[in-house]
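Take a look at the structure below.
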């Protein structure tokens, strides 16, 4: 990264603070209403107010299993993307499919292996109560965040889209009553730069605003093994602006807009085994590329014929050119002293363009370009009680319209002798009605009941895989589509809900039990396909969840939270194989009729002395198929029109999930005269994450340890810090996969890095 680009980016971010330079005596940024409530409700171990159940309440008073991280914790631990949360939250794994921008979420073992972009995730992502139903849309930068709430278990009652695994809620910082501004700068190893700035305050007695932005540059740690060209630099900038209008004490209307671009390099794949080029499908075997022993090494190469078909240059690196923009209007109006009306209207647009080399070389055996345009509109209306009483309730309706125009091109010239372009449109309309009541039988006992009815239509239109070819002297020519009948319809009418009981025997102690039913949408296997029944719909999956939990502030210095769960899984969506009498075996997402998952989690917070905070969490989960008969790929017999195969039972076979995880952090705040020194470290361990592809693609167990040291005046506006991430330089992979028998690849996690952080807030 050039010095000019770095200084230019820093200058742009600093512009947000210029209007307040004349106010050098301005107070530090005041706490938001949420932060103020949290402080009032806290014990020595710092409770946080959350809105996980659509009402503000301390996390310790919420009868569900959840993990909460503050925006300050996200910043100090270098978390700028939702994928990085997997090292901070028990029982959470997030795998980038084939090392690209399609994340695969898994909470408590409930996940979904799918590299296409058209199917709903098992874990819902929400930003300020707005759902992001397309997984690739979740990959923009996280900034100016007040907190993130990770809810484990089905969220089928109060949330906009049904999910079986859980939900991750990001809550942004809100406009402040006093004028304030700040800037944070970070520079580290591999020329990595991050700058974030905000300005917030009143425009009048009833109108407040907040504007914030972030930019990330550099940080690439890889190189091309053949040309030594660097790879992996970030180049992304995002901003958001919020207006909060309070025309009266009974109404708050918040208008937010956001947007930005991501033109970053991708992290390249490396070869885990020797790669015999040209050794499959066409031609004669070519050169052997040795396996990479250095995770910094990678490879790529694209032909002009391929890249010109989507308007990129032949010397392009693996990377992306994504853009996002959108906005929301959130209106909360007290209709009386006991009833509140909330309306959330939102629209988001996401344009995706992403180029990756699945063979990690210049062999042109599998080069991939993903493209798409996603439009999502949603409207939620809900009524809720706003005054404490025997009965707390919320009810409403939710509507969502989703339009996708997606596809991907694949260059298989030196493996299969073809180029393909798979493309489709998908329209999803969802409407639901929901409600939940909490009845306080006594001050110690609360009964909970919730229900949701949802209708969804999911329509696939114009699906086709076009076949093309080129040679060294001819341009790419599209020859024919595989089939013309590319329209499919599916959907569901499902009821989900929850019943539960909460018991508070004394102040600071909560015992709860919940039974819930969650649903995840069905969909289509939108992969390269020459077969019409490839895209036949798979069914929705249903999860019956049973959870027993304890939350206890045993003393002012010791907190213990424990939860155990059992999941009865019906029609689990599994990437498998089906038989066609006409064409043979077809890889497709299928449904396993019955399986189960079980496990437990424990979280401890200890504050033994003032200024020292220790957190520890651990989890275990296991699971197996109970009833699942799948095609045995080794039993295929016959010929076109009369293929047959036997089935094999997977009953009793373990699900491919990581059994153990462990996370912890230690933070020490030490007065030093007129200054304060904060030393912090966090660490995470996860056991082996098995792959459905087989043991060769399992992700081994690994430790990640981070640390930071910050100095700030006891009464002042600035801070300076040092950070180290993955300080023991653990070598680990984010994903392992293959294309055909020859190219076995993996995407490495980031190696050890270190740097400096500067902050100024007033």
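So the values come out like this:
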| quantity | calculated |
| --- | --- |
| Subset of region 532-562 that is surrounded by 17 or more Cβ atoms within 10 Å (Cβ to Cβ) and assigned to a helix (DSSP H, G or I) - its residue that is modelled with the lowest pLDDT | 532 |
| Among residues of region 76-128, those that are farther than 24 Å from residue 693 by Cα and either under 10 Å from the mean Cα position of the chain (by Cα) or in a loop (DSSP other than H, G, I, E, B) (or both), counted | 14 |
| Residue within region 639-654 that is under 30 Å from residue 68 (Cα atoms), out of contact with any helix residue (DSSP H, G or I) (no Cβ under 8 Å at 6 or more places or on another chain) and surrounded by 16 or more Cβ atoms within 10 Å (Cβ to Cβ) present | no |
| Selection count, region 484-515, where residues are surrounded by 16 or more Cβ atoms within 10 Å (Cβ to Cβ) and under 29 Å from residue 365 (Cα atoms) | 1 |
| Matching option when the condition is under 30 Å from residue 299 (Cα atoms), touching a strand residue (DSSP E or B) at 6+ places or on another chain (Cβ under 7 Å) and part of a strand (DSSP E or B), among 237, 242 | 237 |
| Test: residue 232 is in contact with a strand residue (DSSP E or B) (Cβ under 9 Å, 6 or more places away or on another chain) and over 17 Å from residue 145 (Cβ atoms) | yes |
| Selection from region 433-442 of residues that are within 20 Å of residue 377 (Cβ to Cβ) and either touching a residue at least 60 places away in the same chain (Cβ under 8 Å) or touching a helix residue (DSSP H, G or I) at 6+ places or on another chain (Cβ under 6 Å) (or both) | 434 |
| Residue 73 being closer than 30 Å to residue 711 by Cβ, over 13 Å from the mean Cα position of the chain (by Cα) and in a helix (DSSP H, G or I) | yes |
| Scope region 738-752; condition under 23 Å from residue 657 (Cβ atoms) and surrounded by 21 or more Cβ atoms within 10 Å (Cβ to Cβ); matching residues | 744, 745, 746, 747, 748 |
| Checking residue 143 against (1) within 25 Å of residue 458 (Cα to Cα); (2) out of contact with any helix residue (DSSP H, G or I) (no Cβ under 6 Å at 6 or more places or on another chain); (3) surrounded by 21 or more Cβ atoms within 10 Å (Cβ to Cβ), the condition it does not meet | (1) |
| Any chance residue 518 is without any contact (Cβ under 8 Å) to a residue 40 or more places away in the chain, surrounded by 15 or more Cβ atoms within 10 Å (Cβ to Cβ) and either part of a strand (DSSP E or B) or at positive phi (or both) | no |
| Count of region 678-695 residues which are crowded, with 17+ Cβ neighbours inside 10 Å, part of a loop (DSSP other than H, G, I, E, B) and out of contact with any helix residue (DSSP H, G or I) (no Cβ under 6 Å at 6 or more places or on another chain) | 1 |
| Flag if residue 466 is in contact (Cβ under 8 Å) with a residue 40 or more places away in the chain, in a strand (DSSP E or B), surrounded by fewer than 18 Cβ atoms within 10 Å (Cβ to Cβ) and under 28 Å from the mean Cα position of the chain (by Cα) | no |
| Residue 626 vs. criteria assigned to a strand (DSSP E or B), closer than 24 Å to residue 693 by Cβ and over 24 Å from the mean Cα position of the chain (by Cα) | yes |
| Lone qualifier among 447, 479, 460 - being in a strand (DSSP E or B) and in contact with a helix residue (DSSP H, G or I) (Cβ under 9 Å, 6 or more places away or on another chain) | 460 |
| Meets criteria (buried (at least 22 other Cβ atoms within 10 Å of the Cβ), within 28 Å of the chain's Cα centre (by Cα) and either modelled with pLDDT under 95 or part of a strand (DSSP E or B) (or both)) for residue 360 | yes |
| Filter pass, residue 701 being surrounded by fewer than 18 Cβ atoms within 10 Å (Cβ to Cβ) and either within 22 Å of the chain's Cα centre (by Cα) or without any contact (Cβ under 8 Å) to a residue 24 or more places away in the chain (or both) | yes |
| Flag for residue 106 being touching a strand residue (DSSP E or B) at 6+ places or on another chain (Cβ under 9 Å), crowded, with 24+ Cβ neighbours inside 10 Å and within 21 Å of residue 620 (Cα to Cα) | yes |
| Contacts under 6 angstrom Cβ, first residue in region 485-512 being without any contact (Cβ under 8 Å) to a residue 40 or more places away in the chain, partner part of a strand (DSSP E or B) and crowded, with 18+ Cβ neighbours inside 10 Å, 6 or more apart | 491/456; 491/458 |
| Residue 337, sole failed condition from (1) over 25 Å from residue 305 (Cβ atoms); (2) in contact with a strand residue (DSSP E or B) (Cβ under 9 Å, 6 or more places away or on another chain); (3) surrounded by fewer than 17 Cβ atoms within 10 Å (Cβ to Cβ) | (2) |
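Residue by residue, here is whether (1) surrounded by 22 or more Cβ atoms within 10 Å (Cβ to Cβ); (2) within 25 Å of residue 96 (Cα to Cα) holds:
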| position | (1), (2) |
| --- | --- |
| 186 | no, no |
| 190 | no, yes |
| 203 | no, no |
| 206 | no, no |
| 211 | no, no |
| 232 | yes, yes |
| 262 | yes, yes |
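Matching residues to (1) at pLDDT 95 or above; (2) more than 30 Å from residue 583 (Cα to Cα); (3) in contact with a helix residue (DSSP H, G or I) (Cβ under 7 Å, 6 or more places away or on another chain):
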residue: 395; (1), (2), (3): no, yes, no
residue: 403; (1), (2), (3): yes, yes, no
residue: 456; (1), (2), (3): yes, yes, no
residue: 464; (1), (2), (3): no, no, no
residue: 468; (1), (2), (3): no, no, no
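The values are calculated or read from the model by the stated rules, or taken from the named source; none is laboratory data. Keep in mind the model is a prediction, meaning the values are calculated, not measured. Every residue, glycine among them, receives a Cβ derived from its backbone with ideal geometry; neighbour counts consider all protein chains shown.
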